[in-house]
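S.K.: If you scroll down you'll find the structure; I have some questions about it.
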Amino acid sequence: MLSRLARLPTRILCKIGAAPRLMRLTRGAPVILMYHGVTADAGIGLVNHSGKHVHIDLFRRQLQMLRRHRKVAPLAVLVQALQKQQDVSGMVAITFDDGYLNNAECAAPVLADLKLPATFFLSTGFIGTARWAWVDRLEAALQAAGHGQFRISLLGERVQLDGIVQRIELLRSIKVILKTMSWDAAEASVRLLEEELRVEQTEPWGVYRFMSWDHARQLVEAGFEVGAHTVNHALLSRMPLAEAEHEISASRERIVAEVGSCSATFCYPNGKHSDYTQGVMDICRRQFAAAVSTELGAARSDELYELRRVPVDAGSIEDRLASMVVQAV
């Protein structure tokens, strides 16, 4: 069977639903998976519209598949093997970005039950606070807004808000604009938008809440790794290098102070190649053994400070996840 499958391109095999079988029959390139959250709740309207919080039942099935067909290893082990240029084929590392409360309440118990390791990257300025991530606050504000016409300063026009389709379009348009701003300008813009939409300001709720430092300590005590993801989830290429270094260093130092240790791998916020510079990478080289991006692909020893990852979201059913893992290069 293996020889027959090998005659077909991997891309074709995945299209015909053979990706899980390929995972069983081949070892494949090493992959770092990127999660954000795990939830037991179903998304309503715009809540979790991006799908970055995976339902807990799907999460368990994903992990069970990975445990059967891949060697799920701690990120530190994978990075060390890459540094030494050892055989890393078939290895998978699991990471979580940002530090949402559901990482501790939903994801960690499933990982522990299946005896699988993971690394949780924390944006330390949000941990133990009632602070919103601006992208979440935007999603929640557009979900809560009433029907009617609203003047939106960011767009310089009045918009009609009725059904979900209009809200999704507005969400996408505003996110594009806000991603060009500094983190504090983006936060201020969303607060102004709440006023324009006549939405009451609230603390984060549901999937939007961040964990506490007690939760972070519990993760470490349970054998998981905690890593730095800046203080303010700042796009490091959009600020002076000295400020970027503070974001990186202060995040790492706070984690060490709170939980006693910090991952030797850093995680770039947003993580596209345009979101960090050579100067930022040099800062990471002085403080860390590696750094992960959000660029798609397998982990490679010649990219230690911009390691690629494979994103996992609410739409990553087992077949789709298997397809992304076996096609990672």
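S.K.: Does the stretch 248-314 classify as rounded, prolate or oblate by the C-alpha gyration tensor (a ≥ b ≥ c root eigenvalues; a/c under 1.5 gives rounded; else a/b over b/c gives prolate, otherwise oblate)?
M.R.: prolate
S.K.: Percent of alpha carbon pairs in the stretch 48-91 separated by more than 14 Å?
M.R.: The answer is 62 percent, as a whole percent.
S.K.: Something else now. Using only the alpha-carbon atoms, how far is helix 318-327 inclined from the longest principal axis of the chain? Give it as 0 to 90 degrees, nearest 10.
M.R.: The angle comes out at about 70 degrees.
S.K.: Taking the Cα atoms only, what angle lies between the long axis of helix 134-144 and the longest principal axis of the chain, rounded to 10 degrees?
M.R.: Approximately 60 degrees, to the nearest 10.
S.K.: Just to confirm, what accessible area per residue do you get for the stretch 61-178 at 1.4 Å probe, in whole Å²?
M.R.: Ligands and nucleic acids excluded, the figure is 40 Å² per residue.
S.K.: Compute, for residue 67, the solvent-accessible surface of its heavy atoms (probe 1.4 Å) with the complete set of protein chains present, and express it in square angstrom to the nearest 10.
M.R.: 120
S.K.: How much solvent-accessible surface does residue 194 expose, in Å² to the nearest 10, with a 1.4 Å probe and all protein chains in place?
M.R.: Roughly 10 Å² of residue 194 is accessible to a 1.4 Å probe.
S.K.: Of the listed values [x] 20.1; [y] 20.7; [z] 19.4, identify the label whose number matches Kirkwood radius over Cα pairs in Å calculated from this model.
M.R.: After the calculation, the listed value that fits is [y].
S.K.: Could you work out what % of the accessible surface of the chain is carbon and sulfur, using a 1.4 angstrom probe and leaving DNA, RNA and ligands out of the count?
M.R.: Reported share for carbon and sulfur atoms: 51 percent.
S.K.: What accessible surface, in Å², does a 1.4 Å probe find on residue 57, ignoring ligands, DNA and RNA and rounding to the nearest 10?
M.R.: 90
S.K.: So what are the ³J(HN,Hα) numbers for the stretch 305-314, from phi and the Karplus equation (6.51, -1.76, 1.60; θ = phi - 60°), rounded to whole Hz, Gly and Pro as x?
M.R.: 9, 7, 4, 7, 9, 10, x, 10, 9, 5
S.K.: Right, next: Which residues' amide hydrogens lie under 5 Å from the amide hydrogen of residue 313, considering only partners 5 or more residues apart or on another chain, with H built in the peptide plane?
M.R.: none
S.K.: Could I ask something else about it? Can you put 53, 215, 147 in order of accessible area, largest first, using a 1.4 Å probe?
M.R.: In descending accessible area the options line up as 147, 215, 53.
S.K.: What are the radius of gyration and Dmax of the stretch 204-329, computed over its Cα atoms and given in Å?
M.R.: According to the Cα coordinates of the stretch 204-329, Rg and Dmax are 15.6, 44 Å.
S.K.: Please work out the Cα convex hull volume for the stretch 282-329 and give it in Å³ per residue.
M.R.: 79
S.K.: Given that compact globular proteins tend to follow 2.2 N^0.38 Å, what is the ratio of the alpha-carbon Rg of the stretch 114-203 to that value?
M.R.: Taking N as the residue count of the stretch 114-203, the ratio is 1.26.
S.K.: Counting pairs of Cα atoms in the stretch 59-117, how many percent are more than 17 Å apart?
M.R.: So the pairs more than 17 Å apart make up 43 percent of the total in the stretch 59-117.
S.K.: Got a sec? What order do 71, 175, 272, 52 fall in by accessible area at 1.4 Å, biggest, i.e. largest, first?
M.R.: 71, 272, 175, 52
S.K.: Taking H placed 1.01 Å from N in the peptide plane, check which residues at least 5 places from residue 120 or on another chain put their amide H under 5 Å from its amide H.
M.R.: 96, 225, 226, 227
S.K.: Now for a separate question. Straight-line reach only, C-alpha to C-alpha below 30 angstrom: list the lysines that residue 175 could link to, leaving out same-chain residues fewer than 8 apart.
M.R.: The qualifying lysines are 52, 272.
S.K.: Another question, if that's okay. Order these peptides, 250-256, 119-125, by their mean beta-carbon neighbour count within 10 angstrom, highest first.
M.R.: 119-125, 250-256
S.K.: Using the Karplus curve 6.51 cos²θ - 1.76 cosθ + 1.60 with θ = phi - 60°, what ³J(HN,Hα) values do you get for each residue of the stretch 88-98, in whole Hz, with x for Gly and Pro?
M.R.: Going residue by residue, I get 10, 4, x, 7, 9, 10, 10, 10, 10, 9, 4 Hz, with x marking Gly and Pro.
S.K.: Using only Cα atoms, locate the centre of the stretch 237-306 and the centre of the stretch 195-223, then give the distance between them in Å, rounded to an integer.
M.R.: 23
S.K.: Working from Cα positions, state the angle (0 to 90°, nearest 10) between the long axis of helix 241-259 and the longest principal axis of the chain.
M.R.: Its long axis makes an angle of about 70 degrees.
S.K.: Around residue 291, which amide H atoms from residues at least 5 apart in sequence, or from another chain, sit under 5 Å from its own amide H, with H modelled in the peptide plane?
M.R.: 266, 305, 306, 307
The values are calculated or read from the model by the stated rules, or taken from the named source; none is laboratory data. Note that the coordinates shown come from a computational prediction; the quantities given were computed from them, not determined experimentally. Because the Cβ atoms are built from the backbone with ideal geometry, glycine has one as well, and the counts that use them run over all protein chains shown. Just so you know, the surface numbers come from the protein's heavy atoms only, side chains and all, with ligands and any DNA or RNA stripped out. Shrake-Rupley method; radii C 1.70, N 1.55, O 1.52, S 1.80 Å.
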